[in-house]
Amino acid sequence: MKNLVLVVVPTMENAYHSLQDFVAINPPMGLISVGATAEKAGYKVFVIDGDAEGLTFEETISRVAEKRPDYVGSTIMTATMDISNIFYTELKKRLPDVKVIVGGPHVSAIPEQTLIDAPAIDICVIGEGDETIADILITLEKSETLDGVGGIVYRKDARIVKTAERPPIKDLSILPLPAFHLLDKSLYRSYGWNNWVNGFRKPLGVIFTGRGCIGKCNFCAAHAVFGHGIRFFTMQQIKDQLDYLMEKWGIRVLYFQDDTFTANRKIVNKICDYIIEKGYNRRLEIMVSSRVDILHLPTLKKMRQASIRWICFGVESGNQEILKRMSKHITIEQIKKAYQMAREADLFIAGNFMIGHIGETYETAMETIRLACDLDQEYASFAIAIPLPGTELYQHCLDKKIPLPSWNDFGSVNTPPIPLNESLNAEALMKLRDLAANKFFKRPVYFLKLVIKMRAISVIADFIKMYFAIRAEKAAKRL
């Protein structure tokens with residue numbers, strides 16, 4: 001039996017520095033999904049999570065080498081591309097014959113460029129990798145050409161070859177349960193800010209009820225992997241995952257990781273009924289994400305009964321023209337209505353906001369900041385637009401010949417942002433982001449809300465620690 005090692009390349013220290021203790025560490029769902037199909041095909045699979053285990057590069061490479069793998073695979077994001085290249089270059093010095101197979105949104109968006117950028121990578125998987133990984137492994141074991149494996153780009157002699165397109169998996173019911181058994185449950189934790197009731201950050205479980213999104217936001221690259229539209233898992237698959245995570249992992253925190261959990265009201269109600277029927281709502285604190293334009297008040301109230309405490313909205317902008325430019329297809333009024341409904345259902349609310357999209361000005365950014373402060377919400381995050389490959393923003397940069405940095409500088413909190421507009425340079429964008437955070441989090445009314453609603457002392461302590469860590473991080477950057 002040949003070995004496949006799936007690895008999370010350690011990148012958190014590079015990305016978050018002193019803030020890494022305050023971010024969530026999610027189970028690598030993509031890896032354990034492809035790991036499950038590889039196991040089903042008869043391969044021995046291991047997962048080494050360098051980030052979750054706090055491993056160095058050398059420690060991770062040594063752990064991989066100990067497994068004597070025939071194949072190694074990982075998910076690559078744009079911001080981890082350069083680090084992954086270094087990692088696999090070093091790995092191949094130890095294991096020159098190992099085949100390196102990668103996937104993910106960055107790889108799916110620009111697979112040929114990925115092989116050019118990273119000579120140590122052998123095969124890029126485009127889109128979903130569940131069926132593709134099994135086809136690759138079986139074909140390689142037979143020493144046959146990969147030309148007949150759809151949905152990949154690979155090296156053939158001195159050439160880079162792209163095979164026929166592989167469509168998204170239409171019927172998700174054919175997929176096995178994600179291979180949770182390959183992970184150490186003690187390694188994963190939630191964000192500190194979404195456990196206000198029970199105070200637990202772990203054990204954390206993650207479930208997808210489907211794949212894809214009904215939105216077509218032009219700053220998002222998820223469609224490069226999952227395509228447009230949503231396909232749902234069966235209720236039995238969802239129940240099986242819930243049962244496994246409750247019985248085997250004993251989870252106290254659960255993320256339904258779908259971009260739009262509320263897209264199918266019938267499925268949501270069935271999930272809530274099952275959680276209540278099994279009594280899981282007495283142990284869990286659950287978080288979901290949703291668009292603001294697909295909400296139904298009775299369903300939100302049912303979600304609350306099922307211990308879904310947090311709902312996260314992709315608001316993005318407080319300016320209607322910028323929302324239109326983002327292809328959000330929502331209105332300011334819909335945003336306000338969604339917040340009112342979530343509040344009536346007694347849900348905690350978190351909003352995601354973005355500064356620096358195409359057409360952004362100082363004035364439109366200030367509209368976003370004012371809206372964030374006006375909305376009744378427990379948490380808000382403020383990001384600067386990133387022109388990820390596979391998005392309209394990336395194409396905008398290419399068309400306008402806007403200089404792009406190395407991949408390592410896409411999305412790290414420690415590197416300057418990429419300006420998309422002449423009116424807002426990198427320094428102006430960072431000042432606006434800091435202004436947004438200061439105006440939102442330093443309001444006396446917000447602090448009072450924290451004191452009233454945070455039931456766990458540990459959560460308040462985490463907030464205080466995070467505040468001083470952020471101050472220290474900013475001070476270090478000024479030195």
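The values are calculated or read from the model by the stated rules, or taken from the named source; none is laboratory data. None of the values given here were measured: they were computed from a predicted structure. Quick reminder, even Gly has a Cβ in these numbers, built from the backbone with ideal geometry, and neighbours come from all protein chains shown.
Restricting attention to the range 205-248, the residues being assigned to a strand (DSSP E or B) and closer than 26 Å to Met354 by Cβ number 7.
Looking at Pro403, Pro387 in this structure, which one is buried (at least 19 other Cβ atoms within 10 Å of the Cβ), part of a loop (DSSP other than H, G, I, E, B), touching a helix residue (DSSP H, G or I) at 6+ places or on another chain (Cβ under 9 Å) and not charged (D, E, K, R)? Outline the logic, then answer.
Working: Pro403 fails: buried (at least 19 other Cβ atoms within 10 Å of the Cβ).
Being buried (at least 19 other Cβ atoms within 10 Å of the Cβ), part of a loop (DSSP other than H, G, I, E, B), touching a helix residue (DSSP H, G or I) at 6+ places or on another chain (Cβ under 9 Å) and not charged (D, E, K, R) holds for just one of Pro403, Pro387, which is Pro387.
Just one of (1) more than 14 Å from Glu360 (Cβ to Cβ); (2) part of a helix (DSSP H, G or I) fails for Pro416. It is (2). In summary, Glu333 fulfils each of the numbered conditions (1) free of Cβ contacts under 8 Å to residues at least 24 places away in the same chain; (2) in contact with a helix residue (DSSP H, G or I) (Cβ under 8 Å, 6 or more places away or on another chain) with the single exception of condition (2). Based on what the data block shows, is Val149 crowded, with 20+ Cβ neighbours inside 10 Å, over 27 Å from the mean Cα position of the chain (by Cα) and closer than 19 Å to Val225 by Cα? The answer is yes for Val149.
Against the condition touching a Phe, Trp or Tyr at 6+ places or on another chain (Cβ under 7 Å) and either at pLDDT below 95 or assigned by TED's automatic domain parsing to the domain that holds Thr37 (or both), how does Asp122 come out, does it pass?
Working: touching a Phe, Trp or Tyr at 6+ places or on another chain (Cβ under 7 Å): yes; either at pLDDT below 95 or assigned by TED's automatic domain parsing to the domain that holds Thr37 (or both): yes.
Yes: the conditions hold for Asp122.
Take the conditions (1) at pLDDT 95 or above; (2) farther than 19 Å from Lys2 by Cβ; (3) over 19 Å from the mean Cα position of the chain (by Cα); Ile76 misses just one of them, which is (3).
Scanning the range 282-318 for residues that are of a type in the set (A, V, I, L, M, F, W, C) and not in a strand (DSSP E or B), which turns out surrounded by the fewest Cβ atoms within 10 Å (Cβ to Cβ)? Outline the logic, then answer.
Looking only at the range 282-318, we keep the residues that are of a type in the set (A, V, I, L, M, F, W, C), and these are 284, 286-288, 292, 294-295, 297, 300, 303, 306, 308, 310-313, 315.
Filter once more, so that each one left must be not in a strand (DSSP E or B): 284, 292, 294-295, 297, 300, 303, 306.
On the way: Leu284: 23, Val292: 24, Ile294: 18, Leu295: 21, Leu297: 12, Leu300: 22, Met303: 27, Ala306: 21.
Among them, the one singled out is Leu297.
Return yes when Phe232 is closer than 18 Å to Ser33 by Cβ and among the aromatic types (Phe, Trp, Tyr) and no when it is not. Break it down stepwise before answering.
Values: closer than 18 Å to Ser33 by Cβ: yes; among the aromatic types (Phe, Trp, Tyr): yes.
So Phe232 passes the test.
Cβ separations smaller than 7 Å between residues 6+ apart or across chains give the following pairs from the range 110-126 residues that are farther than 13 Å from Val100 by Cβ and touching a residue at least 24 places away in the same chain (Cβ under 8 Å) to residues that are buried (at least 17 other Cβ atoms within 10 Å of the Cβ) and hydroxyl-bearing (Ser, Thr, Tyr): Ile126/Ser108.
Which one of Ala36, Ala15 is assigned to a helix (DSSP H, G or I) and modelled with pLDDT of 95 or more? Working first, answer last.
Details: Ala15 fails: modelled with pLDDT of 95 or more.
Answer to the check: Ala36.
Just so you know, in the range 96-109 the residues that are buried (at least 24 other Cβ atoms within 10 Å of the Cβ) and free of Cβ contacts under 8 Å to residues at least 60 places away in the same chain include one that is nearest to Trp407 (Cα to Cα), and it is Val107. Scanning the range 309-324 for residues that are in contact (Cβ under 8 Å) with a residue 40 or more places away in the chain and out of contact with any helix residue (DSSP H, G or I) (no Cβ under 7 Å at 6 or more places or on another chain) returns Arg309, Cys312, Gly314, Glu321.
If a residue has to be assigned to a loop (DSSP other than H, G, I, E, B) and farther than 19 Å from Arg325 by Cβ to count, how many in the range 419-450 make the cut? Break it down stepwise before answering.
Step one: filter the range 419-450 for residues assigned to a loop (DSSP other than H, G, I, E, B), giving 419-420, 422-423, 425, 442-443.
From what is left, the residues that are farther than 19 Å from Arg325 by Cβ are 425, 442-443.
Counting residues in the range 419-450 that are assigned to a loop (DSSP other than H, G, I, E, B) and farther than 19 Å from Arg325 by Cβ gives 3.
Filter the range 53-64 down to the residues that are surrounded by 15 or more Cβ atoms within 10 Å (Cβ to Cβ) and more than 11 Å from Phe87 (Cα to Cα) and list them by number.
Listed by number, the residues that qualify are Glu53, Leu55, Arg63, Val64.
Inspect all residues belonging to the range 339-352 and state whether any of them is crowded, with 21+ Cβ neighbours inside 10 Å, farther than 30 Å from Lys302 by Cβ and assigned by TED's automatic domain parsing to the domain that holds Phe440. Checked the range 339-352: no residue is crowded, with 21+ Cβ neighbours inside 10 Å, farther than 30 Å from Lys302 by Cβ and assigned by TED's automatic domain parsing to the domain that holds Phe440. Of the residues that make up the range 257-278, is at least one touching a residue at least 60 places away in the same chain (Cβ under 8 Å), part of a helix (DSSP H, G or I) and surrounded by 22 or more Cβ atoms within 10 Å (Cβ to Cβ)? Looking through the range 257-278, at least one residue is touching a residue at least 60 places away in the same chain (Cβ under 8 Å), part of a helix (DSSP H, G or I) and surrounded by 22 or more Cβ atoms within 10 Å (Cβ to Cβ). On inspection, Ile207 does not qualify as of a type in the set (A, V, I, L, M, F, W, C), surrounded by fewer than 17 Cβ atoms within 10 Å (Cβ to Cβ) and under 18 Å from the mean Cα position of the chain (by Cα).
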